[in-house]
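Right, one structure below, let's go through it.
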Amino acid sequence: PSRLVERSERQVLMGYFDLAAAESGVDPSLLKALAWVESGWQPRVLSNVGAMGICQLMPATASELAMMLGDPTLDPWDPVDNIRMGA
């Protein structure tokens, strides 16, 4: 989308989507599309129901995913962590 091309800080995220998708066995195009629809790849977005970041993770879901991934320090506000949890 043109909004992506215009924002270089969002283009930097492409590699993180690819890495997270490979790690979790998800199609990278699907992960990128989901995140685009959810947030437009904006890492600081907060929905009116409390979903956070690029993949719009709810706080409880983010906590559960961090534990499932074996890293309770994952931060849903960190773009790389959010993408990894979203995958």
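Seen through its C-alpha gyration tensor, with square-root eigenvalues sorted a ≥ b ≥ c, the chain comes out oblate because a/c lies at 1.5 or above while a/b is not bigger than b/c.
Modelled spin-label separation between M67 and Q11, with each label point placed 7 Å from Cα along the Cα-to-Cβ direction: 4.1 nm.
Summarising the amide proton neighbourhood of D78: residues at separation of 5 or more, or on other chains, whose placed amide H is nearer than 5 Å comprise an empty set.
Annotation: S8 carries an accessible surface of approximately 80 Å², with a 1.4 Å probe and no ligand, DNA or RNA atoms counted. Our summary gives the chain a relative contact order of 26 percent, counting only alpha carbon pairs under 8 angstrom and 6 or more residues apart.
The values are calculated or read from the model by the stated rules, or taken from the named source; none is laboratory data. This structure is a prediction, so every number in the text was calculated from the model and none was measured. Every residue, glycine among them, receives a Cβ derived from its backbone with ideal geometry; neighbour counts consider all protein chains shown. To get the accessible areas, we keep the full protein, side chains included, count just its heavy atoms, and leave off ligands, DNA and RNA. Shrake-Rupley method; radii C 1.70, N 1.55, O 1.52, S 1.80 Å.
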